[in-house]
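First the structure, in the form of structure tokens, and then the observations on it.
The values are calculated or read from the model by the stated rules, or taken from the named source; none is laboratory data. If you're wondering where the values come from, they're calculated on a predicted model, not measured in any experiment. For neighbour counting, all protein chains shown are included, and Cβ atoms are generated from backbone atoms with ideal geometry for every residue, glycine included. Heads up: the accessible areas ignore ligands, DNA and RNA and are worked out on the full protein's heavy atoms, side chains in. Shrake-Rupley method; radii C 1.70, N 1.55, O 1.52, S 1.80 Å.
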Amino acid sequence: MRPTYLEVNLPRLKRNLENIRTHVAPAKVMAVLKANAYGHGVDGVASFIAPFVDYIGVALVEEGVHLRELGIDKPILVMGATLPEQVPGFIKYNLTLAAASPELLDAAEETARAAQTKFKVHLKIDTGMERIGVHEYEAGPFIEKSLACRHLDIEGIFTHFANSESPDLIHARLQLERFQEVLAIYEKLGAPNPPIRHAANSGAVLNFPESYFDMVRPGVMFYGVYPGRDAQRTVVVRPALTWRSQVAFSKVTRPGRPVSYGSLWQAERPARIVTVPCGYADGYFRRMTNRARVIVNGKKYPQVGRICMDQFMVNLGDDEARIGDEIILLGQAASGERITVEDFAEWSGTNEYEVMTNISARVPRVFVE
Ligand SMILES: Cc1ncc(COP(=O)(O)O)c(C=O)c1O
């Protein structure tokens, strides 16, 4: 196997889920497994965690189909935008559609009628994210239409927050108020109880208990990572990833001999430079060049010279290392030294979500139970 791989600690994910569940009870929990389970490897994560979740959230219908083909039988909501021609897939694979427009609702009803079946739909309300969904000020006719759909099981209604991780909840409160106005429409229409109501992503789970309703949708915090530095840490979660590699080459480099493409770095005196068999094609961002740190044999060292597609170099200075020695790119070493997803985000100028979802398919995932 490749010496560079991603170790995924599954029991830790389960503990994160349990901590979230205890915190939000009696609300149910939808685990968000989109984007290859935030880079963790959806096959291993979904198979292990499915028995413990109430619902699964994905972004794309293809992701839902993939989970069904894996044998996952929990309800799956496809939260992202769906085109009308994709609707038959929801029936075939028993997926829940996010109906984000009256047109999509019509297409869903018509497709179900033609197939002489019924399938599950959650109404998507846009209360201020301005991404997909029916605006709260147009929700009345949309809800009325949904109540008339004889071939759909309108199982849920939801919205999504744009700023719930921020300590200042002004925008999130405004979104919540708008969502509550929409929910009140059911009463005005004399309709039976509204369907399953959900709104909270990780930021809201941590900061905003008023938004839990019947179910929450944590993504990033399920993976043990907080949604930004400002989020309150009201639930304890711990990361599950250790990105491992091994020293693949080791040499002493002299001053006057710059390291890697572009000659961006050179040693001031002879230095032990080791080569790591991992690069930007694996999701080790090129823009972390000369900024990242790596743990070699339990100790942290600077990455030096341009990060290449498949390899990069680390400066051990006067220390020694042999071929095959342990390297940790991300995660905690037995020595206690640690490199976090937050460190990667800072070195590369992005957020924690992009760091995790960019670890490429070329890096094998090893699931530890
Ligand atoms: C509709 C929806 N709900 C929930 C989530 C989970 O968000 P987070 O990872 O911030 O918890 C996402 C992810 O972006 C989403 O798009």
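Can you pull out the strands (runs of 3 or more DSSP E) entirely within the range 196-278 that have at least 1 residues that are within 16 Å of the ligand (Cβ to nearest atom)?
It comes to 196-200, 241-246.
Can you tell me which of (1) at positive phi; (2) surrounded by 17 or more Cβ atoms within 10 Å (Cβ to Cβ); (3) not in a strand (DSSP E or B) is the one Arg306 doesn't meet?
Single failed check for Arg306: (1).
Of Pro218, Pro255, Pro227, which residue is modelled with pLDDT of 95 or more and in the same structural domain as Gly133 (by TED's automatic domain parsing)?
Pro218
Please work out which residue is nearest to the ligand (Cβ to nearest atom), limiting yourself to the range 21-37 and to residues that are open to solvent by 20 Å² or more (accessible area, probe 1.4 Å) and within 11 Å of the chain's Cα centre (by Cα).
Checking each candidate, the answer is Lys34.
Considering (1) outside any helix (DSSP H, G or I); (2) open to solvent by 10 Å² or more (accessible area, probe 1.4 Å); (3) touching a Leu at 6+ places or on another chain (Cβ under 7 Å), say which one Pro3 fails and leave the rest.
Status for Pro3: all satisfied but (3).
Please determine, by comparing only the residues of the range 38-59 that are under 22 Å from Gly283 (Cβ atoms) and within 11 Å of the ligand (Cβ to nearest atom), which one is least open to solvent (accessible area, probe 1.4 Å).
The selected residue is Val58.
Tell me, please, whether a residue that is buried (at least 20 other Cβ atoms within 10 Å of the Cβ) and in contact (Cβ under 8 Å) with a residue 60 or more places away in the chain can be found in the range 260-274.
Within the range 260-274 (the criterion being buried (at least 20 other Cβ atoms within 10 Å of the Cβ) and in contact (Cβ under 8 Å) with a residue 60 or more places away in the chain), the answer is no, since none of the residues qualifies.
Looking only at the range 60-69, which residues are charged (D, E, K, R) and buried (at least 18 other Cβ atoms within 10 Å of the Cβ)?
Glu63
Can you work out which of the residues in the range 141-159 that are touching a Lys or Arg at 6+ places or on another chain (Cβ under 8 Å), farther than 30 Å from Arg233 by Cα and not in a strand (DSSP E or B) is nearest to the ligand (Cβ to nearest atom)?
Per the stated criteria, the residue is His151.
Quick one: in the range 330-369, of everything that is touching a Gly at 6+ places or on another chain (Cβ under 7 Å) and part of a helix (DSSP H, G or I), which residue is surrounded by the fewest Cβ atoms within 10 Å (Cβ to Cβ)?
Among residues in the range 330-369 that are touching a Gly at 6+ places or on another chain (Cβ under 7 Å) and part of a helix (DSSP H, G or I), the one surrounded by the fewest Cβ atoms within 10 Å (Cβ to Cβ) is Thr357.
For residues that are touching a residue at least 60 places away in the same chain (Cβ under 8 Å) and under 18 Å from the mean Cα position of the chain (by Cα), scanning just the range 315-347, find the one that is farthest from the ligand (Cβ to nearest atom).
Gly331
Take the range 63-96 and flag every residue that is over 23 Å from Phe367 (Cα atoms) and more than 16 Å from the ligand (Cβ to nearest atom).
Within the range 63-96, Leu83, Pro84, Glu85, Gln86, Val87, Pro88, Gly89, Phe90, Ile91, Lys92, Tyr93, Asn94 meet the criteria.
Collect the residues in the range 19-50 that are more than 27 Å from Ala99 (Cβ to Cβ), of a type outside the set (Ser, Thr, Tyr) and without any contact (Cβ under 8 Å) to a residue 12 or more places away in the chain, keeping them in residue-number order.
Answer for the range 19-50, where residues must be more than 27 Å from Ala99 (Cβ to Cβ), of a type outside the set (Ser, Thr, Tyr) and without any contact (Cβ under 8 Å) to a residue 12 or more places away in the chain: Arg21, Ala25.
Conditions tested, residue by residue: (1) open to solvent by 10 Å² or more (accessible area, probe 1.4 Å); (2) over 21 Å from the mean Cα position of the chain (by Cα); (3) aromatic (Phe, Trp, Tyr).
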| site | (1), (2), (3) |
| --- | --- |
| Ala172 | no, no, no |
| Asn201 | yes, no, no |
| Val205 | no, no, no |
| Phe208 | no, no, yes |
| Phe213 | yes, yes, yes |
| Val225 | no, no, no |
| Val236 | yes, no, no |
| Thr242 | yes, no, no |
| Ser250 | yes, yes, no |
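Quick one: in the range 160-195, which of the residues that are away from the ligand (no atom under 15 Å from the Cβ) and of a type in the set (Gly, Ala, Ser) is modelled with the highest pLDDT?
Of everything passing the filter in the range 160-195, Ala184 is modelled with the highest pLDDT.
List every residue pair whose Cβ atoms lie under 8 Å apart, where the two residues are 6 or more positions apart in sequence or sit on different chains, the first residue falls within the range 187-207 and is in contact (Cβ under 8 Å) with a residue 40 or more places away in the chain and closer than 19 Å to Pro26 by Cβ, and the second residue, located anywhere, is part of a loop (DSSP other than H, G, I, E, B) and acidic (Asp, Glu).
Ile196/Asp214; Arg197/Asp214; His198/Asp214; Leu206/Glu165
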